[in-house]
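First comes the structure, then the notes that go with it.
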Amino acid sequence: MTASDDRPEGDRVGPQAATSPEHDELDDDLLDDDWPDLPADAQVRVPEVTLANMDFGDHRSGFVTIVGRPNVGKSTLLNAICGSKVAITSDKPQTTRHQIRGVLTRRDAQLVFVDTPGIHKPRTALGERLNATAAAGLSDIDAVILVVDATAPIGPGDRFVAGKLPRSAIVVVNKCDAAKQDQILSQLSEASGFEFSAYFPVSAQTGEGVDALVEHVVALMPPGPKYYPDEQIRDMTEPQYVAELVREQLLRITRDELPHSIATRVTEWEWPRVRVEILVERDSQKGIVIGHKGSVLKAVGTAVRAQLPEGVFLELQVNVDKDWQRRPDAVDRLLGLVDDDL
Ligand SMILES: Nc1nc2c(ncn2[C@@H]2O[C@H](COP(=O)(O)OP(=O)(O)OP(=O)(O)O)[C@@H](O)[C@H]2O)c(=O)[nH]1
Ligand SMILES: [Mg+2]
């Protein structure tokens, strides 16, 4: 899904970007060939063509995409902005696999923040898909936020992403709670080399700096309608969200390559009875995910149930889908999060 899916036709700007650049070597060897050409004005709407002649009074609205390398805290920032859990987070890179929309509704404005997968050098069909999803999130939006990590030097990976963004981009230096003052200053100074429009030191974890960022972004939004009902905070179905919650818990307990090998999808949704299938790539991974006498699955189930309405009966099933990460057809199917037959 892209930010443009449910906007009025005339409200779209620029071609839908599609792409590519995967894991641990996050910074090196990102090639321009791995990235589609984005329109220089990808973030600029054309008010006279769109929503023309409509009077929204003082109400502002718009779409704001959050991009950056993996693990810099994009999803944590989305949750902090929305004041509620919208996206799953983890300390493993490439946690986010979709565009995740979080909605911030205030009296004077409604902003739709679009969290994206971390941009990295791809090694697999999954990695390519993640980058394409992130790139597509840069089309038809009103503002873009580039998140960099205050605790790690700005590297080629950050520069690669920055090089794809328009000058109007806003830089967020995140994880300031974990950085020393001089580190934060030097990150800000380094980031100023991008020559973007604004720079915000923030801690998505503590919330420090987030209000100032939000105020700034609201002021940039054009007059516009509400795109979502007041009470909606995330644009994801409940089954999709539950599949993500299960993966989030698995990410907490797995290491090395295993996090990338895990996919989750809901195969039964007869509330309160929910079955989630956990896919791994090899037989050897199955035992790790199940744990001794089922201990891992039990812990995962308990943690997920604690986040769902009382009374849910959650069944977790582990299966092997050999090397799914490298097979585009399997990536397509598994990124759906919900069984096709549901
Ligand atoms: N100390 C500190 N840690 C943070 C902060 N924001 C995020 N983190 C941690 O950084 C790690 C990555 O956070 P995510 O929000 O999942 O990062 P992401 O950029 O969405 O990562 P991908 O989805 O993999 O691209 C997690 O362990 C977070 O708890 C922050 O402000 N301070
Ligand atoms: Mg994320």
* To do: Find the residue count for region 229-249, including only residues that are touching a Leu at 6+ places or on another chain (Cβ under 6 Å) and part of a loop (DSSP other than H, G, I, E, B).
  => 0
* Please find, within region 254-273, the residue that is nearest to the chain's Cα centre (by Cα) out of those that are charged (D, E, K, R) and assigned to a strand (DSSP E or B). => ARG265
* Mind listing whichever residues of region 241-288 are modelled with pLDDT of 95 or more, within 14 Å of GLN94 (Cβ to Cβ) and β-branched (Val, Ile, Thr)? => ILE262
* Within region 148-166, can one find any residue that is under 22 Å from VAL64 (Cβ atoms), near ligand 1 (Cβ under 10 Å from one of its atoms) and not hydrophobic (A, V, I, L, M, F, W, C)? -> yes
* To do: Please state which one of VAL300, VAL331, VAL318, VAL296 is outside any helix (DSSP H, G or I), farther than 17 Å from THR237 by Cβ and aliphatic (A, V, I, L, M).
  => VAL318
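For THR105, state whether it is β-branched (Val, Ile, Thr), within 21 Å of the chain's Cα centre (by Cα) and modelled with pLDDT under 95. Before you say what the answer is, go through the steps one by one.
Working: β-branched (Val, Ile, Thr): yes; within 21 Å of the chain's Cα centre (by Cα): yes; modelled with pLDDT under 95: no.
So THR105 does not fit the description; no.
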* From the options VAL173, VAL218, residue that is within 16 Å of ligand 1 (Cβ to nearest atom), not in a loop (DSSP other than H, G, I, E, B) and not small (Gly, Ala, Ser) -> VAL173
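Going by the structure shown, is THR151 closer than 30 Å to TRP324 by Cα and of a type outside the set (Asp, Glu)? Steps first, answer last, please.
Values: closer than 30 Å to TRP324 by Cα: no; of a type outside the set (Asp, Glu): yes.
Taking the combined requirement at face value, the residue does not satisfy it.
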* Which of (1) within 7 Å of ligand 1 (Cβ to nearest atom); (2) within 13 Å of the chain's Cα centre (by Cα); (3) surrounded by fewer than 20 Cβ atoms within 10 Å (Cβ to Cβ) does LYS85 not meet, given it meets every other one? -> (1)
* **Output for region 65-120, where each listed residue is more than 24 Å from SER168 (Cα to Cα), among the polar types (S, T, N, Q) and within 11 Å of ligand 2 (Cβ to nearest atom)** => THR89, SER90, GLN94, THR95, THR96
* Asked: Within region 88-113, how many residues turn out to be near ligand 1 (Cβ under 7 Å from one of its atoms) and either touching an Asp or Glu at 6+ places or on another chain (Cβ under 8 Å) or not assigned by TED's automatic domain parsing to the domain that holds VAL144 (or both)?
  -> 6
* Determine if region 122-134 includes at least one residue that is surrounded by 23 or more Cβ atoms within 10 Å (Cβ to Cβ), of a type in the set (Val, Ile, Thr) and more than 8 Å from ligand 1 (Cβ to nearest atom). => no
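Given the structure, is ALA125 under 22 Å from SER168 (Cβ atoms) and either at pLDDT 95 or above or among the small types (Gly, Ala, Ser) (or both)?
On the way: under 22 Å from SER168 (Cβ atoms): no; either at pLDDT 95 or above or among the small types (Gly, Ala, Ser) (or both): yes.
Answer is no for this residue.
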* State whether the residues of region 189-204 include one that is under 19 Å from the mean Cα position of the chain (by Cα), at pLDDT 95 or above and not in a loop (DSSP other than H, G, I, E, B). => no
* For region 133-154, does any single residue satisfy the condition of being farther than 30 Å from ARG106 by Cα and in a helix (DSSP H, G or I)? -> no
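The values are calculated or read from the model by the stated rules, or taken from the named source; none is laboratory data. Small disclaimer: the values here were computed from a predicted structure and weren't measured. Neighbour counts are summed over all protein chains in view; Cβ atoms, including those assigned to glycine, are modelled from backbone coordinates with ideal geometry.
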